[in-house]
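The values are calculated or read from the model by the stated rules, or taken from the named source; none is laboratory data. This is a predicted model, so every value here is computed, not measured. With ideal geometry, Cβ positions are generated from the backbone for all residues, glycine too; neighbour counts draw on all protein chains shown.
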Amino acid sequence: MDQLLYMSAKELSRLEIIQKLADKRMSQKEAAEQLRRSVRQVKRMLKGYRQEGAKGLVSKRRGRPGNHRLREETRQEVLDLLKDKYSGFRPTLAHEKLVEKEGLKISDESVRQLMLAE
């Protein structure tokens with residue numbers, strides 16, 4: 001029951017449909033239509049539900065950091081440069097200088113986000 005506390009509303013509604021499917025009160029096709037997924041995806045969800053219960057419907061990536069986040073070393077280097085060398089610069093110009101002069105591979109949006117956070 002603990003796992004239900006951490007499920008989003010979307011996951012809870014998905015759980016309800018998969019439970020109906022597991023109890024044979026609904027066909028795979030009906031479940032697929034309601035979930036807006038393919039029958040193949042519904043079969044995969046049902047398999048996860050049967051093996052792990054409600055936990056099988058929750059993303060395995062939950063709680064883990066994203067793959068595309070900025071490395072901590074790069075983040076700190078950019079922050080140091082922004083404070084020292086490029087302190088009066090706006091995000092777009094700071095990004096251009098970080099790429100041209102410092103050779104860093106970072107997006108302008110990442111620079112803007114870092115500047116906002118500081």
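Listed values, structure above:
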| item | result |
| --- | --- |
| Test: residue in segment 56-64 that is of a type outside the set (A, V, I, L, M), closer than 30 Å to GLY103 by Cα and not assigned by TED's automatic domain parsing to the domain that holds GLU109 | yes |
| Enumeration of residues in segment 28-48 that are over 11 Å from ILE17 (Cα atoms) and either touching a residue at least 12 places away in the same chain (Cβ under 8 Å) or outside the structural domain of ILE17 (by TED's automatic domain parsing) (or both) | LYS43 |
